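Take a look at the structure below.
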Amino acid sequence: MDARTAPHPGAHHPTLDRKSVGAVVLGNALEFYDFTVYAFFAKPIGEAFFPANDPTHSLLASLALFGIGYVMRPIGGVLIGAFADRAGRKPAMLITIALMAVGMLMLAACPAYATIGGWAQVIVIAGRLVQGLALGGEVGPSTAFLLEAAPPEKRGFVTSWQIASQGCAALFAGIFATALAFVLGDQAMAQWGWRLMFALGLCVVPVGLVIRSHLPETAGAEEDPDAAASTLAVVGRLLREHGRLLGLTFLVIAASTVSNAVGTNMPVFAGATLGLSETAATAVPIALGLASVIFPLLGGWLADRVGRRPVMIWPRALILILAVPAFAWVVQAPSAASVYAVTFLLSALSSINAAAVIVGIPEALPRAVRSAGLSIVYAVSVSVFGGSTNYVVNWLIATTGDRLAPAYYLAAFSLVGTVAAFLLPETRGRDLDADAEA
């Protein structure tokens with residue numbers, strides 16, 4: 001796939017091949033790979049680092065650890081996102097992928113609580129904080145790069161690879177986990193096999209670093225006088241000139257984040273709530289991944305043809321309508337087939353919606369604050385809801401005994417996301433050097 005930047009005085013006009021696009025979206029892929037693997041192996045991770053007499057307490061402690069990393073995301077969004085607007089997209093992308101590798105390694109290699117006691121908890125918490133800092137700053141620079149390097153008529157499709165890469169990661173996570181569970185067995189997977197899943201993710205980091213280091217630049221202080229502003233100045237301009245847009249974007253991304261979290265929680269839901277076998281639950285990410293590979297590209301293609309707003313609105317509205325009936329069917333007829341079908345359906349709709357969101361939001365921001373704007377609002381929204389949703393829905397099920405709790409939670413956020421999308425501007429065909437949203 002070839003992509004060139006829109007005209008920009010003094011800017012480079014990079015040509016990206018498939019390998020380069022893959023390197024750009026690799027950070028987002030690693031994020032979702034880690035997200036999927038952790039969500040699926042939350043139970044054995046909890047047992048390794050937070051042992052307790054009650055298995056539910058270990059699971060909830062593990063989910064709380066998962067959420068700790070989200071505390072650092074807004075900080076990463078501010079620091080790295082603004083850095084990308086000041087110094088360029090490429091150096092920011094190199095920083096984030098290196099930090100991701102450090103965080104994943106600390107979790108994969110950390111000895112269990114039984115070996116080193118409380119130090120294990122200190123190490124894994126530190127690892128999640130480092131990774132949260134990296135992930136908070138990843139999405140803004142990489143998405144801005146794809147957007148600025150794409151031909152105007154294909155921005156939606158090119159940028160949708162950012163979302164499709166998450167689906168590829170989830171699909172690979174499901175395939176690897178299923179294969180390992182088949183080879184090692186459930187007991188070995190619970191004891192140490194889950195560490196191999198994180199180690200596999202680490203293997204692609206060197207490739208990403210090398211390719212990203214050779215990417216061209218699409219923005220930077222040497223090209224854009226506004227890019228020389230300080231981090232505080234960038235954030236101040238965002239809040240002063242684009243506060244309404246950021247608020248609506250927060251709600252739209254929150255709905256998308258909750259959808260993703262409910263989807264990645266489906267293995268836990270299938271096993272702990274519905275009582276399906278470990279083997280059946282392990283394969284759930286495959287259904288999630290298949291939908292998340294195909295349908296973001298469809299969403300990007302549609303966004304290039306009918307506009308960003310319709311593709312943000314209608315899939316989200318369908319999730320609002322279908323969430324409760326779909327979960328009710330799974331609860332009444334629990335089986336691997338019903339879980340896979342519901343996971344696929346909801347993931348497909350959410351993926352179409354997310355493709356329009358990921359291109360429409362940065363298009364509405366000027367180049368000098370584009371990376372920081374998307375990084376900050378994405379990081380804050382994901383921080384609040386991405387890290388808490390798995391914990392909240394499992395807590396609601398345990399507290400109320402209502403197995404439809406995830407559906408109610410998803411429907412409520414879909415309602416908010418649909419209304420917010422109605423209020424966003426249409427950005428298809430917009431000049432990327434425009435100063436403000438319409």
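Summary table below
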quantity	calculated
Pick from segment 381-436, criterion crowded, with 21+ Cβ neighbours inside 10 Å and among the β-branched types (V, I, T), ranking: nearest to F66 (Cα to Cα)	T389
Test: residue in segment 164-180 that is under 17 Å from L202 (Cβ atoms) and without any contact (Cβ under 8 Å) to a residue 24 or more places away in the chain	yes
Conditions (1) open to solvent by 10 Å² or more (accessible area, probe 1.4 Å); (2) within 30 Å of G236 (Cα to Cα); number of the one not met by R305	(2)
Neighbours by Cβ (under 7 Å, 6+ apart or cross-chain): first from segment 269-284, more than 17 Å from L345 (Cβ to Cβ); second assigned to a helix (DSSP H, G or I) and hydroxyl-bearing (S, T, Y)	T282/T178
Segment 138-177 - residue that is open to solvent by 10 Å² or more (accessible area, probe 1.4 Å) and aromatic (F, W, Y) and, of those, farthest from the chain's Cα centre (by Cα)	F176
Qualifying positions in segment 254-290 - farther than 17 Å from I397 by Cβ, crowded, with 24+ Cβ neighbours inside 10 Å and touching a Phe, Trp or Tyr at 6+ places or on another chain (Cβ under 6 Å)	A255, T257, A287
Breaking point among (1) open to solvent by 10 Å² or more (accessible area, probe 1.4 Å); (2) touching a His at 6+ places or on another chain (Cβ under 8 Å), for T218	(1)
Whichever residue in segment 20-40 is touching a Lys or Arg at 6+ places or on another chain (Cβ under 9 Å) and among the hydrophobic types (A, V, I, L, M, F, W, C) and, among such residues, is modelled with the lowest pLDDT	A23
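Here is a yes/no grid of residues against (1) open to solvent by 10 Å² or more (accessible area, probe 1.4 Å); (2) among the β-branched types (V, I, T); (3) modelled with pLDDT of 85 or more; (4) part of a loop (DSSP other than H, G, I, E, B):
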{"residue": "M93", "(1), (2), (3), (4)": "no, no, yes, no"}
{"residue": "I97", "(1), (2), (3), (4)": "no, yes, yes, no"}
{"residue": "V102", "(1), (2), (3), (4)": "yes, yes, yes, no"}
{"residue": "L105", "(1), (2), (3), (4)": "yes, no, yes, no"}
{"residue": "P111", "(1), (2), (3), (4)": "yes, no, yes, yes"}
{"residue": "G127", "(1), (2), (3), (4)": "no, no, yes, no"}
{"residue": "G136", "(1), (2), (3), (4)": "no, no, yes, no"}
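The values are calculated or read from the model by the stated rules, or taken from the named source; none is laboratory data. None of the values given here were measured: they were computed from a predicted structure. Ideal geometry is used to build each Cβ from the backbone, glycine not excepted, and the neighbour counts take in all protein chains shown. To get the accessible areas, we keep the full protein, side chains included, count just its heavy atoms, and leave off ligands, DNA and RNA. Shrake-Rupley method; radii C 1.70, N 1.55, O 1.52, S 1.80 Å.
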